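What follows is one structure encoded as structure tokens, with my remarks underneath.
The values are calculated or read from the model by the stated rules, or taken from the named source; none is laboratory data. As the structure is a prediction and not an experimental result, all values here were calculated from the model. Here the Cβ positions follow ideal geometry from the backbone for every residue, glycine too, while neighbour counts run over all protein chains shown. Surface accessibility is based on the protein's heavy atoms, side chains included, excluding ligands, DNA and RNA. Shrake-Rupley method; radii C 1.70, N 1.55, O 1.52, S 1.80 Å.
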Amino acid sequence: MNKVQIAIIGAGPAGLSTAIELSNMGYDDIVVFDREDEAGGTPRHCGHLGFGIFEFYRLLSGPDYAKKLTKIAADRNITINLKHTLVDISKDILTFSTTDGLVKYSAKRTVLALGARETPRSARLVSGIRSPNIMTTGALQRFIYLHNTIPFKNPVIVGSEVVSFSALMSSRKAGINIAAIIEEDKELNSFSILKSFSETILQTPVKLGYEISSINGDDKEVKSVTISKDGIDETIECDGVIFSGDFTPESALLQENFKDFNFANNSVFISQAFQTTNKNFFAVGNVLRGALTAFKCFFEGKRLAKFIDDSLKQEKLKPQHVKIEADENIQWYYPSLLDLNYPSKILTNLRVNKKTTGRIIVSVNDIDVYEKQIDAKTYTNIKIPREAYPVSKNDTIKIRLES
Amino acid sequence: MKQIDLNSLFSKKTVDFNDNEVFDIAVIGAGVVGCGIFKEFCENGAKTVLVEKANDILEGASKGNSAILHTGFDAPPNSLELDCIKKGYEEYLKIKKKLDLPFLNTKALVVAWSDEQEEKLEAILNKGLNNGVKELEIISNKELALKEPNLSKNAKAAIVVHGESLIDPWSTPLAYVKLGLQAGGKLAFSHEVKDGHFNGEYWEIKTSQKTIKAKTVINAAGLYGDIVDSIKGSKDFKIIPRKGQFIIFDKTAYNLINSIILPVPTKITKGVVITKTAFGNILVGPTAEDQESRTDSVTKKEMLKTLQDKAYDLLPALKGHNITATFAGLRPASDESHYRVMINDEKNWITVGGIRSTGLTSSLGLAKHVYELNDKKYTKPKKAKEPIEIQNITEFQTRDYETSDYGKIICHCECVTQREIQNALKSEIGAGTVGGLKRRTRVTMGRCQGFNCQASVAQICEESKS
Ligand SMILES: Cc1cc2nc3c(=O)[nH]c(=O)nc-3n(C[C@H](O)[C@H](O)[C@H](O)COP(=O)(O)OP(=O)(O)OC[C@H]3O[C@@H](n4cnc5c(N)ncnc54)[C@H](O)[C@@H]3O)c2cc1C
Ligand SMILES: Cc1cc2nc3c(=O)[nH]c(=O)nc-3n(C[C@H](O)[C@H](O)[C@H](O)COP(=O)(O)OP(=O)(O)OC[C@H]3O[C@@H](n4cnc5c(N)ncnc54)[C@H](O)[C@@H]3O)c2cc1C
């Protein structure tokens with residue numbers, strides 16, 4: 001059994017920034033693990049610009065950003081064990097699959113920075129044929145940026161989150177024509193200016209309010225998609241389908257190992273100190289909730305370092321977790337535990353499931369203690385402040401949305 | 001940028017026999033049934049060729065099924081199907097021991113969800129006993145709750161079918177083909193049988209590539225069984241494909257049940273099966289939808305939703321677990337419910353058709369039956385000493401990622417290694433299609449469906465082609 005003071009799983013922006021900050025604080029017994037053969041996480045295959053402004057004050061491409069983070073870690077002599085896939089965490093022992101056999105570690109503190117993935121076609125229950133050319137943006141970006149190849153020439157994109165336009169831009173650069181962007185909602189799930197940008201500058205139609213009702217073709221080749229609005233069908237010829245966005249945490253391992261799993265977030269419960277219900281395990285970055293930008297994950301990592309430092313210095317301090325629950329109208333929220341040991345201005349951060357004008361209401365033991373008017377889109381980040389209402393250890397905090 | 005089409009990254013397989021070769025047997029169709037028959041004839045010394053229109057095995061009905069090794073407790077009494085299921089099960093146990101194939105005896109529970117269904121249990125039990133399946137018992141809802149604590153409390157009672165088990169539906173037929181090859185059999189992939197002529201001595205089978213000669217033809221063309229059968233000059237049955245749609249839940253759900261949960265069959269409602277799979281998932285389905293098309297295996301959102309709702313009803317704890325895959329399989333059902341197995345002695349033609357919903361289990365039994373029907377003697381080859389190699393991709397046995405020297409993990413969700421993929425692409429019977437590669441390794445079949453690995457897989461395939 002290998003021993004290490006702090007194990008960080010995931011060498012993306014969140015994991016690396018945690019490691020770097022801990023190193024800045026003087027910690028030197030840290031190992032970062034990643035299953036890929038290169039460190040840097042998801043930005044490695046986001047070849048477009050859009051990274052680094054807040055962290056490094058310059059606009060970088062994803063791969064450059066990943067390289068920069070990795071270099072800082074290397075300069076600090078932080079060990080990064082690549083091609084180490086975490087396959088088990090039961091009994092607090094970290095088991096990795098490696099080409100040298102299974103390797104076990106025990107760590108005083110473990111940070112789970114496993115990132116997120118997009119929801120594929122299957123989980124969306126879309127009708128139609130199966131084909132390798134039905135994929136996610138993540139898969140497409142890897143073709144383009146890691147392998148210099150393209151799988152199709154004329155696909156459609158399903159979804160209109162920021163990442164959908166990332167798919168659009170990457171495709172353009174690689175010589176792929178996007179036949180259309182299809183969005184079920186009546187509005188874009190990202191800044192509305194992107195619609196006119198796509199349509200007028202890129203000549204890519206954006207079909208709002210359309211559901212994709214089937215993927216057509218034969219013998220594994222996509223020929224077209226049928227989309228429908230108000231019961232009227234329309235067919236768009238294409239040779240592939242890109243399902244974009246609808247990120248979900250890479251949390252299967254956690255679901256299997258944490259007795260208390262937060263199904264609403266599809267992740268573990270974490271406090272404002274990023275601590276899970278197992279006091280030696282912390283979680284940070286997109287594994288908490290699906291996709292936010294890299295810089296958010298980077299700064300979360302930085303903040304987490306201080307909490308780890310705290311918890312190592314005060315071994316005796318027992319967390320005082322109060323659970324926060326949210327109803328099904330909330331897309332995700334974090335923190336999902338309130339640790340009474342720490343003062344906090346923010347109770348939780350959240351997004352709503354659909355465009356809503358209404359109120360967010362917080363209750364403690366079913367008594368309403370706070371409410372906030374909102375006019376929010378699905379991509380609006382909403383902060384719920386922690387106000388002066390009393391909360392004690394065995395209370396339940398609930399958040400609901402009334403429209 | 002260069003376009004790479006995953007489908008075209010697999011070279012067409014070539015044949016290694018010459019045009020003058022007259023085989024004893026040509027088996028048409030490399031579904032699980034054809035693969036089993038191929039093995040049986042090869043091992044008995046018949047010069048056998050397996051002729052398949054696709055570029056791999058299992059591209060027809062056999063590509064998607066529930067992977068249950070049935071006991072035959074609910075099979076039609078006194079039928080060929082029942083005989084073959086029982087014989088097939090027995091043979092599987094033997095071969096599994098020899099080759100160390102995966103097998104998990106989960107047992108099945110036929111669960112009654114209403115009083116009306118509960119009343120039927122007795123009859124089902126008796127039918128099973130009459131079918132010679134001895135290990136059956138009825139248990140109360142209390143006992144059921146102990147066995148399956150996560151199942152909805154609405155269950156009334158259940159029958160335990162002790163023998164029902166899970167196997168790997170893909171490696172198993174692959175093992176049959178490998179055994180056949182080892183015993184001297186030949187393969188002809190990408191050879192679609194178009195027509196044929198019997199000259200009194202042997203058949204000249206016209207295919208999309210070359211003409212293949214064989215004294216006896218065994219038609220195991222599954223979904224195309226009736227079309228291929230008309231080559232012999234008479235039409236004896238009609239295939240009516242029956243679609244079965246499935247939902248697969250993520251590995252996180254694997255431990256929610258212990259046994260295969262079967263419905264009580266009723267005339268009106270088609271129940272849903274919930275079972276673990278050999279690969280560590282939970283499978284829900286299949287539906288049963290008759291259709292004209294032999295190729296249309298599209299999934300339908302409404303149907304998948306119905307399955308999902310039904311599954312949540314019966315196993316509420318499934319909520320919150322990710323769906324990793326949805327797919328549909330087509331059963332080669334015919335215009336009558338029984339197996340369509342017949343021999344035309346004048347024409348040296350044997351039909352093995354309409355193997356609707358139990359072919360995975362019965363294939364080895366069917367193979368023995370067909371061998372006896374043929375009633376010819378061949379000289380048995382010497383038994384090969386070398387064991388054939390079957391890569392384990394199930395969760396019942398050690399996986400490659402748990403060993404060492406595998407290179408790296410390519411598909412993270414299913415923990416598929418570089419070595420597993422390379423092995424699957426190698427050799428005479430290596431993957432010949434994208435589906436074939438998935439079935440041999442499970443790449444891209446996990447929760448991310450290729451988000452992480454699809455591009456790497458394409459690259460490995462391309463490298464191995466050149
Ligand atoms: C197409 C696309 C475009 C984007 N564009 C932008 C942009 O322009 N600007 C921006 O700021 N953000 C962008 N983002 C978002 C940004 O990439 C993420 O916010 C950021 O990468 C999240 O960081 P993370 O550390 O939480 O996770 P990740 O970067 O995903 O890192 C997680 C790491 O954990 C590893 N891992 C997971 N499971 C295991 C395991 N079991 N064992 C070992 N290792 C494991 C993974 O290999 C991975 O390296 C984009 C994302 C996508 C998908
Ligand atoms: C939804 C579903 C669930 C099932 N569950 C189970 C289960 O749990 N347990 C069980 O035991 N069974 C199960 N089955 C049944 C089992 O899968 C089938 O009985 C079996 O696959 C039938 O195999 P086959 O070889 O007869 O047909 P196929 O697999 O269709 O094989 C026929 C082959 O012939 C080839 N072919 C066709 N025409 C030509 C031609 N002209 N020239 C050359 N080649 C040709 C095709 O390409 C194909 O490969 C299930 C089936 C389905 C669909």
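Between the helical axis of A:62-75 and the longest alpha-carbon principal axis of chain A there is an angle of about 20 degrees.
Building the convex hull from the alpha-carbon atoms of the stretch A:1-150 and averaging its projection over directions returns 11.2 nm². Any idea what angle helix A:162-174 forms with the longest principal axis of chain A, computed on alpha-carbon atoms, 0 to 90 degrees, nearest 10? With both axes taken from Cα atoms, the answer is about 60 degrees. Rounded to the nearest 0.05, what FRET efficiency do residue A:344 and residue B:302 give with R0 = 41 Å and r taken as the Cβ-Cβ distance? Could you check? For R0 = 41 Å, the calculated efficiency reads 0.35. Loop-resident GluC sites (Glu not before Pro) (DSSP state other than H, G, I, E or B) in the stretch A:313-348 with no more than 16 further Cβ atoms inside 10 Å of their Cβ: A:315, A:328. Each peptide in B:432-445, B:298-311, A:218-231 gets a packing score, the mean of other Cβ atoms within 10 Å over its residues, and the list from highest to lowest is B:432-445, B:298-311, A:218-231. Cross-link partners of residue A:372 among lysines, defined as those whose alpha carbon lies under 29 angstrom from its own and excluding same-chain residues fewer than eight positions apart: A:186, A:296, A:323, A:345, A:354, A:355, A:383, A:393, A:398. Note that the stretch A:121-217 presents 35 Å² accessible area per residue, ligands and nucleic acids not counted, probe 1.4 Å.
Relative to the dominant Cα principal axis of chain A, helix A:13-24 is inclined by about 30°. Of B:97/B:178; B:215/B:238; A:3/A:316, which sit over 19 Å apart, Cα to Cα? Cα-Cα > 19 Å for B:215/B:238; A:3/A:316; rest within. The figure for residue B:116 is an accessible area of roughly 120 square angstrom, using a 1.4 Å probe on the protein chains alone. The residues of the stretch A:232-263 listed by number as losing at least 20 Å² of accessible area in the complex, against the isolated chain and with a 1.4 Å probe, are A:250, A:252, A:255, A:256, A:263.
Ordering B:253-263, A:366-376, B:399-409, B:132-142 by mean Cβ neighbour count within 10 Å, with the highest value first, yields B:253-263, B:399-409, B:132-142, A:366-376.
Radius of gyration over Kirkwood radius for the stretch A:121-243, both on Cα atoms: the Rg/Rh ratio is 0.94. Pairs spanning more than 19 Å between alpha-carbon atoms, out of A:83/A:104; B:186/B:426; B:39/B:94; B:210/B:438; B:120/B:156: B:210/B:438. Our summary of shape: the Cα atoms of the stretch B:176-314 have principal axis extents of 60, 37, 25 Å, ordered from largest down, in whole angstrom.
Based on the Kirkwood radius over alpha-carbon pairs, what value in µm²/s does the Stokes-Einstein equation return for the translational diffusion coefficient of the stretch B:82-132 at 10 °C and 1.306 mPa s? Reported coefficient: 118 µm²/s. Straight-distance candidates among the aspartates and glutamates for linking to residue B:134, with alpha-carbon spacing under 19 Å and chain neighbours fewer than 8 residues away dropped: B:74, B:81, B:83, B:90, B:91, B:122, B:164. The tail of the calculated P(r) for the stretch A:333-387, taken as Cα-Cα distances beyond 12 Å, holds 69 percent of the pairs.
The average projected area of chain A, computed from the convex hull of its Cα atoms over all directions, is 21.1 nm².
Every Cα-Cα pair in the stretch B:348-387 was counted, and those over 13 Å apart are 66% of them. Our Cα-only numbers for chain B put the radius of gyration and Dmax at 22.1, 68 Å. Size of the protein assembly as shown from its Cα atoms: along the principal axes, largest to smallest, the extents are 93, 63, 61 Å.
Here is the P(r) of the stretch B:400-464: all C-alpha pair distances, binned every 5 Å from 0, give 4, 20, 32, 28, 14, 3, 0 in whole percents.
Accessible surface calculations at 1.4 Å, restricted to protein heavy atoms, place the stretch B:400-464 at 29 Å² per residue. The B and A chains share an interface that buries close to 4500 Å² of accessible area, total over both sides, probe 1.4 Å.
Taking the accessible area of the stretch A:290-403, probe 1.4 Å, and keeping the other protein chains in place, the carbon and sulfur fraction comes to 50%.
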